[in-house]
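The values are calculated or read from the model by the stated rules, or taken from the named source; none is laboratory data. Note that the coordinates shown come from a computational prediction; the quantities given were computed from them, not determined experimentally. So basically every Cβ, Gly included, is an ideal-geometry build from the backbone, and we count neighbours across all protein chains shown.
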């Protein structure tokens, strides 16, 4: 039995609320249970130096947690003067994940900056961030199309993410904080709408896992991400 | 006529939503029109070095803006590795304002850290932050009383804040962003529930103002803050 | 009775010594009693990015304290690798105050950087800095006129500053350190030569003050700043 | 045909040279072809704050590249004043990987710091670092046993790592730089001596990969890591 | 003929003004011509960690230049967030030089921090700083004796410094800025009152110098430092 | 008798291994006994701003120590976020020393960056770094000649360095760590192949030294550097 009473292959209640932020070209408040991440997409008509005059665009991401999004207060990174290794790791993951489904040549020589800010954390903030950011990104592209700056939305597919883990030896889908902090091993999966694997980050600090256990986690992720992609579709129809 | 259609002495629609954040000991989402600031209060059972073994407590504040809370994206301070002068100035103001109505000896040797994070900005973020933080602080104190750690809430009064300014020569209450960016002069007022002056920050970069104009602004602030204090009271009754 | 024996409305002995620094285009050593601030003005023939190709100029300020300007040694900000919130707050105040009396269009597309370095501190360093910086700025402008780079000094007025406070309930002018550290409330006033209000920063951490008390402080400031402006005039005649 | 002429399932020439560094308690120069990483293990008789008085130890890692280890010079992180996101990501990976095979309770309340410094880079620096660090760590533990500070080496298994990737659609083992920079997708695998999965980091920025392709990569990794573990054994026998 | 009209073996007019700073335990304004350095000595009743419980004391130094002490404005190190290599080099030199004449055991387990701040620069700031700091240090020790905290001043000798250089092939004493910026080679000498060599820093970026030339510079330094030591003695008698 | 058994005027076994690094335009592993420094030279076809459009080139250097190159682990400067004063001092010394024998006009408007990384330290790392860097620099210039980018190697002479010191009153050549840490005084000498003095850094923290002692050290340095220059010649012939 999971602490939340969910079945082993059951997501938390998920909502993706588009347009949460008034100023951003695209935005989405992603809620995976008590994990709430505000994702915004900001369009800039310039690219990083390595892409100048290539005709190609770029998508990059930054990630942060509000100091009291966590159970006990976490020091503010701006006040400490540097971002943690965990923050760097997560924002690089979000950027790579999104770029895997963007036609960078088709988006033109511009950059979209994604900001993922965790308003409340209860496990799985990076997977909620990726899932919500895809919606914010799609909305920003749609706006560029509406403005006549792009002919079509340069997305090749959906991308969404979920974490799975071994909790007392049982494979479960979409870990919340109590599960995450006691799991023997866990993995974050980023898959496309067609089921392609974009990123896998599996970690077994407590106890190495076997190939078959890993395949169980992957199967759970495929099921969960299928559901998340449907929720993304409904969010864009709203 | 003001851009928003408000009367010269009319606040924007204000809401103070207590308990917005699940983990914090006290929290409040302060909305002054399109300015939305999440205020949390975190209790720590230790004080800064200069207060150790004095029996007195401390209240301090930090402030930040989400990168896309603003009309165009603002660089993330955590990524830049330092907080701006404006941020320092604002968080010091919030801390001083709150401490002016706290009985530091009565709160015991503990610290409450206030975090004010701007989710969306449309002028007046620092005044919304002060007004909402007082609610978060009051809720955190109430929780300490409920836990038996304090005999009574060690607040001596309400404190709230509003900005006023001279827009094309006319004194108006509670500037929004279009007004703020074109005002001849403006002032932030922090007053207590009984009308005592806690902080005044008046600035006239464009055009010095006269003593009488300043008094007009103060009178508007007194009216507006009276209304804000009523909204704080209702928020705590909820 | 004040610790220094001064009357409630009496400034400390003030001197403004122009030309203290050999290399700067304008300089002034401002002494308010034992508070000594060296103010220099450096002319640069370029402006910050936001003003390029606008034809307008800019005046900005930096502030620092020598480590042993204070009663006990203060850590060197350069060694700590960052400036304090207080420093940021003060240097922004100095810059805004000076700009309020400069015709930025008339000064041409160049920048004047003011440096205010406290050689010795005894309360009121920011007000001494503003008062002395105006002299340094005026001298730098005069030099540009002498060099034929400007037709006239682009200053619209004097600007000077003083602090006032409530000491055991009595309003007094120009607080020194013993008064500053025990005042119930204090305010820094920045006024122009014609008496216009440029900046007011009133703070009542200990005890909120009433409108009438605030007006007493303002009246003292008007008197004191009138005297400071006379001293500025004599310094420029020297 | 691979650029290096290797078979698809062939490692580069690998050598693990123990005792390369005179001062460290354990050290190993790991060479995977032209990738050379110096790994040292330093014993400290104290632990991070979160472990004090728990009787448990800790293993942590830092990673760096010499500026001209790379094809073109990379800026020195010490001169830039911060470590890149990539560096943070890699050093966290090394630390987690090693801890997965250490009995932290058995090692006593002390810390071993691993430093992995890339003298020359040709792809796969993080996997060489993990593989070589295990040797350095084992040597440091052996020294503690020789000194009578530990009863036995507190390692539960070997741990080693290798990267695999899809190069023009073909799964290959142990990517060198020319392969790494053109692979469609690649994954780093960290496995134990008994074949348990400790870490998987799969990334498909160019082109998502399918479940079966991923399993091919895993099978290659299992073969390669089996060979690396044998080389580790021989290095310790030396 | 030197630009200043001085003889080749002539110092600039030198004055050492003790007690310039009201708050410091010891202070001295050192003027070597137009080079003006304010030196203060601050006593702290604690030592750096490596000296705790050894009964020995420490003397350390920091150095800074006011932004407009130089011919054109130099960026403020506190604003840049780091001290330059030159600053580090100079402050280490000052500290070592002073420690060479202090009996660290006799001064007790306390630290004296020297601050050397350049108010105006015209070449030779580091040598003026050393020469003036010795006076500040001696005054601080004298105060500790007066307070009964030390039995005697724990200085074993004077220490003073001067720069010499080859200007168009001629060895000259005490370079000013015009000479310093065109010298073929120059050297800073730090000698004790009895003529012992404490530090030599000779640099020949333009043109290597010969042993005999170097000995000429040393002879000039011996002459100049003899005179500086006399000026130090008179300053302490004042 | 020296701890190492060497004669007072005897260098440690020195080897200069050219081409140690595969990617750098020039490289050399300098070994002075147990002190091992990897020196690389990287050619960049651009110069620092102050040299743009002057037709002149530049040579600059950076220095670092691997954390466990030292007897006990030294914190990684990249992790601390700043380079120490000692590092700044050393890298400035290396750069100046090399530039003293480079014809900057003849090398064209390009920059060569020298990186000196200490793999193992046993005293004298800066002198080994200078001696090895000259070889790396010469190799990089030779490569530019081979590529037809330069007509001739723009070096005017050799430059090499060694430390000497007073150990229990006796002048000895090429201090190793046990000698360095107990010497009464020591000096680093940088001389050209023709015996010209480029840099002298003499320091006597423990005990001032006399002119004659200093001349003994210089004589030893002249002997040692003569030998080092021969080893440099042989390294280039290899």
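Numbers for the structure displayed
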item	result
Filter result for residue E:24 (within 12 Å of chain C (Cβ to nearest Cβ), crowded, with 18+ Cβ neighbours inside 10 Å and part of a loop (DSSP other than H, G, I, E, B))	yes
Verdict on residue E:215 being at pLDDT below 95 and within 14 Å of chain F (Cβ to nearest Cβ)	yes
In region D:67-105, the residues that are assigned to a helix (DSSP H, G or I), away from chain A (no Cβ under 13 Å) and buried (at least 19 other Cβ atoms within 10 Å of the Cβ)	D:67, D:68, D:69, D:78
Subset tally (residues that are surrounded by fewer than 20 Cβ atoms within 10 Å (Cβ to Cβ), facing chain A (nearest Cβ under 9 Å) and not in a loop (DSSP other than H, G, I, E, B)) for region D:201-212	1
Region B:94-121 residues that are free of Cβ contacts under 8 Å to residues at least 24 places away in the same chain, paired with ones that are not in a loop (DSSP other than H, G, I, E, B) (beta carbon under 6 Å, 6 or more apart)	none
Filtered residues of region B:166-177 (kept if outside any strand (DSSP E or B) and either within 30 Å of residue B:156 (Cα to Cα) or modelled with pLDDT of 95 or more (or both))	B:174, B:175, B:176, B:177
Test: residue in region D:225-237 that is over 30 Å from residue D:71 (Cβ atoms), buried (at least 20 other Cβ atoms within 10 Å of the Cβ), in contact (Cβ under 8 Å) with a residue 40 or more places away in the chain and within 12 Å of another protein chain (Cβ to nearest Cβ)	no
Which numbered condition residue A:182 fails, given (1) in a loop (DSSP other than H, G, I, E, B); (2) within 14 Å of chain D (Cβ to nearest Cβ); (3) at pLDDT below 95	(2)
Flag for residue D:141 being away from chain A (no Cβ under 11 Å) and free of Cβ contacts under 8 Å to residues at least 24 places away in the same chain	no
Meets criteria (crowded, with 21+ Cβ neighbours inside 10 Å, within 23 Å of residue B:97 (Cβ to Cβ) and within 14 Å of another protein chain (Cβ to nearest Cβ)) for residue B:30	no
Residue match in region F:3-19 (condition: crowded, with 17+ Cβ neighbours inside 10 Å and under 28 Å from residue F:108 (Cβ atoms))	yes
Condition broken by residue B:50, with the remaining ones in (1) surrounded by fewer than 20 Cβ atoms within 10 Å (Cβ to Cβ); (2) at pLDDT 95 or above satisfied	(2)
Checking residue C:42 against (1) buried (at least 24 other Cβ atoms within 10 Å of the Cβ); (2) farther than 17 Å from residue C:227 by Cα, the condition it does not meet	(1)
Filter result for the condition that a residue is closer than 28 Å to residue E:183 by Cα and in contact with a helix residue (DSSP H, G or I) (Cβ under 6 Å, 6 or more places away or on another chain), over F:229, F:162	F:162
Enumeration of residues in region C:56-66 that are more than 7 Å from chain E (Cβ to nearest Cβ) and farther than 21 Å from residue C:159 by Cβ	C:65
Hey, residue A:78 without any contact (Cβ under 8 Å) to a residue 24 or more places away in the chain and over 19 Å from the mean Cα position of the chain (by Cα) or not	yes
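For every residue, the table says whether it meets (1) outside any strand (DSSP E or B); (2) touching a strand residue (DSSP E or B) at 6+ places or on another chain (Cβ under 9 Å); (3) surrounded by 18 or more Cβ atoms within 10 Å (Cβ to Cβ).
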{"position": "C:134", "(1), (2), (3)": "yes, yes, yes"}
{"position": "C:141", "(1), (2), (3)": "yes, yes, yes"}
{"position": "C:145", "(1), (2), (3)": "yes, no, no"}
{"position": "C:189", "(1), (2), (3)": "no, yes, yes"}
{"position": "C:195", "(1), (2), (3)": "yes, no, no"}
{"position": "C:199", "(1), (2), (3)": "no, yes, yes"}
{"position": "C:219", "(1), (2), (3)": "yes, yes, no"}
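Rundown of residues vs (1) farther than 28 Å from residue B:92 by Cα; (2) within 15 Å of the chain's Cα centre (by Cα); (3) assigned to a loop (DSSP other than H, G, I, E, B), yes/no style:
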| position | (1), (2), (3) |
| --- | --- |
| C:17 | yes, yes, no |
| C:39 | no, yes, no |
| C:47 | yes, no, yes |
| C:50 | no, no, no |
